[in-house]
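Remarks on the structure that follows.
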Amino acid sequence: MCGFIGVTGAPSAVREIYDGLVAVQHRGQDAAGIITYDGRFHVKKGEGLVRDIFSAANFERLRGQIGVGHVRYPTVGSGGGEDAQPFTVNFPFGIAMAHNGNVANYEDLRGDLAGRSLRHLYSGCDVEVILNVFANSLAKAAGPRFGIDAYYAAVAEVFRTVRGAYSVVGFIAGQGLFAFRDPFGIKPIAVGRKRVDGHDAWAVASESVVLTALEYEVVPLGVPGEAVFVDVEGELHRSQVAEANPHPCVFEYVYFARPDSYLENVSVYRSRIRMGEKLAETFRARGLEAEVVIPVPDSARTAALSMAQALGLPYREGLVKNRYVGRTFIMAGDGERQRSVRQKLNTIDEEFRDKKVLLVDDSIVRGNTSRQIIQLARSAGARSVLFASTAPPLVHPCVYGIDMSTRREFVARDRTEAEVARNIGADAVIYQTLDDLVEAVTAGGPEIEHMCTACFSGDYPTGDITADMLLQIENERIVNSS
């Protein structure tokens, strides 16, 4: 899962891109990069957090009114500096590109690009595949002169060729900013506009919160499979180049997106409120008892509060988070995750002592983090610890851009709720049902007919994920995490 922003028409693109990347830092903490253009490309990329990579000197050097920025957390590639986005090609015209997602047929396309198109890739990052497929097609369709129809043709070729899930932003030197997302729309994207010095400036980002933080007005999106282009005059062009089959990712609403974002015009915050209310119904139906509800910060806070209100129980902040430790879900290995949990969380013992505690988290993946949190609660004096997950049991790997786990690592795979509870040391585990989770989101967006629930159901909506692909991706993740 990654985050991006592209800007055109801003007096200083780099400053808006930098602020946008800070707003979307939660989507990737491994590496970051910015590319701008003022007649030539200006590039700065590095490993680490946005605030640690870019300096005042970089701001002076990254000149231009158009640019693209990215924060990365690796799903394909080693995750090193060579995989930091955005990427560029010099032919045709000069193109910069960044993305969020995952190319499922990456290895096949990489071999095809090398064998047929004689294009060599510089990294293990899958956006390079999208970029080179796009550039190949654009060169054929445009010839010596760029045209909007050639751009549409290039995007259509990407949709025909590249499998998986991806939202893309980029620019063509001297021509304009572009954006598109695959016909399934699994990955989020948002477009915004504002008036600057009498003309329109435009921005494209992974989440709407990036745009509102920069005072852009969010423009209604078309359906997935649409290609968007903003020319140098600030005019927006858009065309539907592939038939849409929307399946937005339900896990975005559970964990990844910021609560102040809107995805598919649905409030993430309100969705999480409904998740907590529905989880309360499940808790009540189980006949369980608790004396206090305590969230696992941060993404479970909203659901925990609404769950407590629905159950008529006090809500307490019993776990205090050190905000200078990264999100454990997206850390590279189990050892790093386990070390960070104790650094990240500390207890307020009075909120646990001699109480029946209901802990609420967004999900249970491998069980290691949950186990440590439950141990913290017991060490603080809790009489009993119930553990509720706003998400259903995670049992299938995500091939669309979330480095969720390999199949054998999921604690819920081939285990009952009671067995999961024993494994993580809880007195009981309460999972959200899949139907309730989907309804919690779609209640705010009745136009959403289908969602991607592959990590819970094993139903991969693109219809082209084979057993060999799953094995190949799993093996690569095992290698990269070792």
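The values are calculated or read from the model by the stated rules, or taken from the named source; none is laboratory data. Just so it is clear, the model here is predicted, and its values are computed rather than measured. Every residue, glycine among them, receives a Cβ derived from its backbone with ideal geometry; neighbour counts consider all protein chains shown.
Considering the conditions (1) under 30 Å from GLN309 (Cβ atoms); (2) touching an Asp or Glu at 6+ places or on another chain (Cβ under 9 Å), VAL168 is excluded by exactly one of them, (1). Tell me, which residue of the range 247-287 that is surrounded by fewer than 22 Cβ atoms within 10 Å (Cβ to Cβ) and free of Cβ contacts under 8 Å to residues at least 24 places away in the same chain is farthest from ALA213 (Cα to Cα)? The extreme case among them is GLY287. Examine the range 148-160 for a residue that is touching a residue at least 60 places away in the same chain (Cβ under 8 Å), surrounded by 23 or more Cβ atoms within 10 Å (Cβ to Cβ), over 24 Å from the mean Cα position of the chain (by Cα) and assigned by TED's automatic domain parsing to the domain that holds GLY28, and state whether such a residue exists. There is at least one residue in the range 148-160 that is touching a residue at least 60 places away in the same chain (Cβ under 8 Å), surrounded by 23 or more Cβ atoms within 10 Å (Cβ to Cβ), over 24 Å from the mean Cα position of the chain (by Cα) and assigned by TED's automatic domain parsing to the domain that holds GLY28.
Here is a list: ALA412, ALA380. Which entry is free of Cβ contacts under 8 Å to residues at least 60 places away in the same chain and crowded, with 19+ Cβ neighbours inside 10 Å?
ALA412
In the set GLU317, GLU291, only one residue is touching a Lys or Arg at 6+ places or on another chain (Cβ under 8 Å) and closer than 23 Å to ASP354 by Cβ; that residue is GLU291. Taking the criterion of being buried (at least 17 other Cβ atoms within 10 Å of the Cβ), aliphatic (A, V, I, L, M) and not in a loop (DSSP other than H, G, I, E, B), the only residue of the range 229-241 that qualifies is VAL230.
Number of residues in the range 339-365 that are more than 17 Å from ALA421 (Cβ to Cβ) and not in a helix (DSSP H, G or I): the value is 9. Here the helices (runs of 4 or more DSSP H) wholly within the range 366-448 that include at least 3 residues being more than 28 Å from HIS247 (Cβ to Cβ) and modelled with pLDDT of 95 or more are 368-379, 417-424.
The set of residues in the range 293-323 being in a loop (DSSP other than H, G, I, E, B) and either charged (D, E, K, R) or closer than 16 Å to VAL429 by Cβ (or both) consists of VAL296, ASP298, ALA300, ARG316, GLU317, ARG323. Assess whether PHE171 counts as being surrounded by fewer than 24 Cβ atoms within 10 Å (Cβ to Cβ), closer than 30 Å to ALA257 by Cβ and in contact (Cβ under 8 Å) with a residue 40 or more places away in the chain. For PHE171, the condition - surrounded by fewer than 24 Cβ atoms within 10 Å (Cβ to Cβ), closer than 30 Å to ALA257 by Cβ and in contact (Cβ under 8 Å) with a residue 40 or more places away in the chain - is not met. Residues considered: GLY124, GLY111. Of these, the only one that is surrounded by fewer than 20 Cβ atoms within 10 Å (Cβ to Cβ), in a helix (DSSP H, G or I), without any contact (Cβ under 8 Å) to a residue 60 or more places away in the chain and small (Gly, Ala, Ser) is GLY111.
Of ALA244, ALA290, all but one fail to be touching a residue at least 40 places away in the same chain (Cβ under 8 Å), assigned to a loop (DSSP other than H, G, I, E, B) and within 24 Å of the chain's Cα centre (by Cα); the exception is ALA244.
Residues to consider are THR88, THR75; find the one that is at pLDDT 95 or above and within 22 Å of ILE130 (Cβ to Cβ). Matching residue, one of THR88, THR75: THR88. Evaluate the following for VAL169: is it modelled with pLDDT of 95 or more and in a helix (DSSP H, G or I)? Considered against the rule, which asks whether it is modelled with pLDDT of 95 or more and in a helix (DSSP H, G or I), VAL169 comes out as no. Among the residues making up the range 182-229, those that are on the phi > 0 side of the Ramachandran plot and among the acidic types (Asp, Glu) are ASP197, GLU215.
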